1. Going by how many other Cβ atoms sit within 10 Å of their own, how do 140, 161 line up, fewest first?
2. Among bridges DSSP assigns within the chain, what percent are antiparallel (round to 5)?
3. Could you calculate the contour length gain from residue 68 to residue 105, that is, 0.36 nm times the residue separation minus the distance between their Cα atoms, to one decimal place in nm?
4. What number, rounded to the nearest 500 deg cm²/dmol, is the helix-based mean residue ellipticity at 222 nm of the chain, given -39500 (n - 2.57) per DSSP H run of at least four residues and division by all its residues?
5. For a bin width of 5 Å, list the pair-distance distribution of the stretch 103-162 built from all Cα-Cα distances, rounded to whole %.
6. Could you state the per residue volume, in Å³, of the convex hull enclosing the Cα atoms of the stretch 2-156?
7. Rule-of-thumb check for the stretch 62-109: C-alpha Rg over 2.2 N^0.38 Å?
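Only the coordinates and a few stated rules stand behind these numbers; no lab work does. Worth saying up front: this structure is predicted, and the values here are computed from it rather than measured. Note: ideal-geometry Cβ built from the backbone for every residue, glycine included; neighbour counts use all protein chains shown.
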């Protein structure tokens, strides 16, 4: 638990510094977001969460392992997270409170695409196979500071170099 807390603090502080220092997202990432946004309110593939990532990566001819490594691993402690990057959640648990109401959510094994980086703790994600959207693509807020457990891997889409 302590290790996760340190990792989250480091991630958040690095995102905070990158928020103003990050260059524009790579062109491929921008194209990935456009493809994914075009599918909002539509079912992609079988409606599984990874089907959206598979769709955008295959449409753009990207290299990936066709399992859960969606491109080049990104170390968010050393580089920016961009819209178009793909997140793989493993055993992630979130907790937060709004007023007097407490919330808990879990993502035991989930895939999403970053659609927008708002600040050090807040991004928007595109995903499907959720309680909120069912088997159709939707866009949700995601707050890193709500993560209490688990691991989030970040991948940058890559095209083959010819």
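1. Values: 140 14, 161 5.
So the residues, fewest neighbours to most, are 161, 140.
2. Details: 33 of 34 bridges.
Of the beta bridges lying entirely in the chain, close to 95 percent run antiparallel.
3. Working: separation 37, 0.36 × 37 = 13.32 nm, distance 2.16 nm.
Working it through step by step, the gained length comes to 11.2 nm.
4. Values: 3 runs with 42 residues, N = 162.
Taken over the chain, the calculation gives -8500 deg cm²/dmol.
5. 4, 14, 23, 27, 17, 6, 4, 2, 1, 0
6. On the way: hull volume 17.3 nm³, N = 155.
Cα convex hull per residue, to the nearest whole number: 112 Å³.
7. Numbers: Rg = 14.9 Å, N = 48, 2.2 N^0.38 = 9.6 Å.
Against the empirical 2.2 N^0.38 Å value, I get 1.56 for the stretch 62-109.
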